[in-house]
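Participant: Before we start, here is the structure in question, set down as structure tokens.
The values are calculated or read from the model by the stated rules, or taken from the named source; none is laboratory data. Since we're looking at a predicted model, the values are computed, not measured. A quick note on method: Cβ atoms are made from the backbone with ideal geometry, for glycine too, and the neighbour counts reach across all protein chains shown.
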Amino acid sequence: MSLFSTYFIIFLIVIVLFYFTILKNRQWVCLLIASYLFYIFCGGLKTLPFLIITTISTFIAGILLEKTQKKYECFIKENKDKFEKHKLKQLKVDNRTKKRIILSIFIIFNLGILAVLKYSGFIVEQINHIFAHNNLNKNIATPNLLLPLGISFYTFQSIGYIIDVYRGKIKADKDIFKFALFVSYFPQIIQGPISRYNQLANQLYDTHQWDYKRAKFGIQRMLFGYFKKLIIAERATIIVDAIFNNPDNYSGFIIFFAAFLYGFQIYADFSGGIDIIIGTSEILGIKMEENFKQPFMAKSIADYWQRWHITLGTWMRDYLFYPLALSKKFNKLGKKSRSIFGNQVGKILPAVIASFIVFLCVGIWHGASWKYIFYGIYNAFFVSSGTLFEKNYIKIKSKLKITDDLISWRIFQTARTIFLVTVGRYMTRADSFNIALKLIKNTLKRFDPWVIIRPSILEIGGIGIYDFTILFLAMILWIIIDILHENNIQIREYISKQDIVFRWTLYFIGIFSIIIFGKYGIGYAARFIYQGF
Amino acid sequence: MNERVIEILEDIRPDVDFEAENKLIDDDILDSFDIIAIVQEFNEEYDININPDDLEAENFNDVKSMVKLIHKLQEEDF
């Protein structure tokens, strides 16, 4: 069952009916049943045990961590006066070590499952390459493992939970069934957003009353998601696939255009899915974290990553970047680097190295392939160099009399970021890193940006004037909406203040344009790109 | 302590008016690189150990909260 199928709409209507009527006092039970049914409908029964194992193991980890902490606190309370300061300090360190061991075991266990299922094929391939390279007559069979739906998302969400318990930020959940809902909550499990326990759990466990305005906003949000996915993403893919699947047949600017279009496609695809997930939750009275904030308006690559897949970025920041950059080893490294490179570079070098590791992980998170590893390094390079040379940039800017409020400078910043992001897209869309390099080389063969206004563009992938025009107009409309959002204009609030005729005319136009212009057919079951991660 | 903290902060981000801002994290004025730089300076200057657990928005949104965090960590018995 895809989020775009009629089945999903029927499924949602049934859930909403039960949720606000028969099961209104047991809404969380309704959601738990819905979540597991949804998971089975989407991914089948075979991968369900993996979800259950992660749920049970992280639930136990939470309980164990809290018990260890409570035991320590009770002991200290009763015996504080009996011990000297250094002994108390030692007890505190011992308690932390104990908790760290528990935490590490459960993180390694869960990441281990993810790593084996997601990366063992890639690792075996690399080993076979090494064998072949050294003329060894050995070949390990590539394992054909099932990849549970949403595994990267629910594993990260569960690990975030146990780290929060370890840090004492939240209390461990005592109800395994409620906790199972936190891990599996439909429809988020497919592609996020990666939620935090203190933000989501209580909302899932609480009772919510039916609210017409909230439901209306939820449906509008879902419609916007369908608009992005069915009108934009499913059309952009025609040109993108035609070019990226036939890297030998194209050269010049058209490849860059396809990479740019792919940026829009994946943004429409991923954020469209998130709109449906957030909209569905809104109907149910659950407010989810936003995952996008107009990434194509970003001023720099660093800014882009604060606007794109925000919940993955903040997860990496809180659970990987900060602990790494503040660790003793990195601290020592910082002191050493200061003596070698001087104060300016030395001070930020540990953070730069930590961010390299983070981006490498972000790259690998997307999939087991060299292209994602290079994609991570590519982004890390721009984020780090921006920070390392910040003071030099400021000097150059002041010499050129550029100020941040200059509109031309703002446009330049955005255009530069879109350009760099588009080059990065060569890597994520091409079948392999080598093909991405080949495509970059082919792009540079000739300079012909005018190719995008020539009629021949309509022949790519057989898109035709009808689909091309709709794609073009829909993209313009979406850009306008993003600009309005960037300027804090709440479109839904604005619409709700208009008179009934205007509002309903707009709703009908919205619904019918998705039905008429949406790209789907009988038995249509679109997959999200991020569903595969 | 306030003045010294502001001095440290202004050295890291000369473009921010630390006395006026009270949503340094919530409004994305400070990024994660700034936070790391600030933590390193505080650790050295006040001989404290700021952990990742302390990196909450409420501890870094304004100068007052940062001073409060430093005091809290200095006063911790063990």
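Participant: Condition check: surrounded by 12 or more Cβ atoms within 10 Å (Cβ to Cβ), within 12 Å of the chain's Cα centre (by Cα) and among the charged types (D, E, K, R). Does residue B:21 satisfy that?
Facilitator: no
Participant: Conditions: (1) assigned to a helix (DSSP H, G or I); (2) free of Cβ contacts under 8 Å to residues at least 60 places away in the same chain. Residue A:262 meets all but one. Number of the miss?
Facilitator: (2)
Participant: Right, here's the next one. Residue under question is residue A:348, and the condition is that it be buried (at least 22 other Cβ atoms within 10 Å of the Cβ) and within 14 Å of chain B (Cβ to nearest Cβ); does it hold?
Facilitator: So residue A:348 fits the description; yes.
Participant: Test residue B:20 against the stated conditions and say whether it is over 20 Å from residue A:328 (Cβ atoms), within 13 Å of chain A (Cβ to nearest Cβ) and either touching a residue at least 40 places away in the same chain (Cβ under 8 Å) or out of contact with any His (no Cβ under 9 Å at 6 or more places or on another chain) (or both).
Facilitator: So residue B:20 fails the test.
Participant: Considering each residue of the range B:28-72, count those that are within 14 Å of chain A (Cβ to nearest Cβ), in a loop (DSSP other than H, G, I, E, B) and either at pLDDT 90 or above or more than 25 Å from residue A:389 (Cβ to Cβ) (or both), and give that number.
Facilitator: Total meeting the criteria: 7.
Participant: Are there any helices (runs of 4 or more DSSP H) wholly within the range A:388-465 with 3 or more residues that are hydroxyl-bearing (Ser, Thr, Tyr) and touching a residue at least 24 places away in the same chain (Cβ under 8 Å), and if so which?
Facilitator: A:407-429
Participant: Would you mind stating whether residue A:342 is within 14 Å of chain B (Cβ to nearest Cβ) and within 24 Å of residue B:40 (Cα to Cα)?
Facilitator: No.
Participant: Would you say residue A:517 is out of contact with any His (no Cβ under 8 Å at 6 or more places or on another chain), surrounded by 13 or more Cβ atoms within 10 Å (Cβ to Cβ) and either at pLDDT 90 or above or aromatic (Phe, Trp, Tyr) (or both)?
Facilitator: Taking the combined requirement at face value, the residue satisfies it.
Participant: Any idea which of A:192, A:263 is in contact with a helix residue (DSSP H, G or I) (Cβ under 8 Å, 6 or more places away or on another chain), small (Gly, Ala, Ser) and assigned by TED's automatic domain parsing to the domain that holds residue A:518?
Facilitator: Just one listed residue meets the conditions, A:263.
Participant: Right, something else. Please pick out the residue among A:170, A:190, A:176, A:162 that is within 14 Å of chain B (Cβ to nearest Cβ) and in contact (Cβ under 8 Å) with a residue 60 or more places away in the chain.
Facilitator: Checking each option against the conditions leaves just A:162.
Participant: Continuing with this model, one more query. Which of the residues belonging to the range A:22-36 are touching a helix residue (DSSP H, G or I) at 6+ places or on another chain (Cβ under 9 Å) and either in a loop (DSSP other than H, G, I, E, B) or farther than 17 Å from residue A:182 by Cβ (or both)?
Facilitator: Within the range A:22-36, A:22, A:23, A:24 qualify.
Participant: Any idea which of A:7, A:119 is touching a residue at least 40 places away in the same chain (Cβ under 8 Å) and of a type in the set (Phe, Trp, Tyr)?
Facilitator: It is A:119.
Participant: (1) at the interface with chain B (Cβ under 10 Å from one of its Cβ atoms); (2) out of contact with any Pro (no Cβ under 6 Å at 6 or more places or on another chain); (3) in a helix (DSSP H, G or I); (4) not small (Gly, Ala, Ser): which one isn't true of residue A:293, the others all being true?
Facilitator: With respect to (1) at the interface with chain B (Cβ under 10 Å from one of its Cβ atoms); (2) out of contact with any Pro (no Cβ under 6 Å at 6 or more places or on another chain); (3) in a helix (DSSP H, G or I); (4) not small (Gly, Ala, Ser), residue A:293 is out only on (3).
Participant: Of everything in the range A:236-261 that's farther than 13 Å from residue A:443 by Cβ and of a type in the set (Val, Ile, Thr), which residue is surrounded by the fewest Cβ atoms within 10 Å (Cβ to Cβ)?
Facilitator: That would be A:238.
Participant: Let me spell it out: the conditions are (1) touching a residue at least 24 places away in the same chain (Cβ under 8 Å); (2) within 11 Å of another protein chain (Cβ to nearest Cβ); (3) over 24 Å from residue A:164 (Cβ atoms), and residue A:324 meets all of them except one. Which number is the exception?
Facilitator: Of everything listed in (1) touching a residue at least 24 places away in the same chain (Cβ under 8 Å); (2) within 11 Å of another protein chain (Cβ to nearest Cβ); (3) over 24 Å from residue A:164 (Cβ atoms), residue A:324 misses just condition (3).
Participant: Quick check on residue A:500: is it at pLDDT 90 or above and farther than 30 Å from residue A:147 by Cβ?
Facilitator: Considered against the rule, which asks whether it is at pLDDT 90 or above and farther than 30 Å from residue A:147 by Cβ, residue A:500 comes out as no.
Participant: Can you confirm whether residue A:271 is among the polar types (S, T, N, Q) and under 19 Å from residue A:152 (Cβ atoms)?
Facilitator: The answer is yes for residue A:271.
Participant: Take residues that are surrounded by fewer than 16 Cβ atoms within 10 Å (Cβ to Cβ) and tell me which of the helices (runs of 4 or more DSSP H) falling wholly in the range A:162-223 contain 2 or more.
Facilitator: By residue number, A:176-184, A:197-205.
Participant: When residue A:231 is evaluated against the numbered criteria (1) part of a loop (DSSP other than H, G, I, E, B); (2) crowded, with 24+ Cβ neighbours inside 10 Å, which criterion, by number, is the only one it fails?
Facilitator: (1)
Participant: Does residue B:72 count as charged (D, E, K, R) and closer than 18 Å to residue A:169 by Cα?
Facilitator: When the stated conditions are applied, residue B:72 passes them.
Participant: Given the structure, is residue A:132 assigned by TED's automatic domain parsing to the domain that holds residue A:50, modelled with pLDDT under 90, of a type outside the set (Lys, Arg) and out of contact with any strand residue (DSSP E or B) (no Cβ under 6 Å at 6 or more places or on another chain)?
Facilitator: yes
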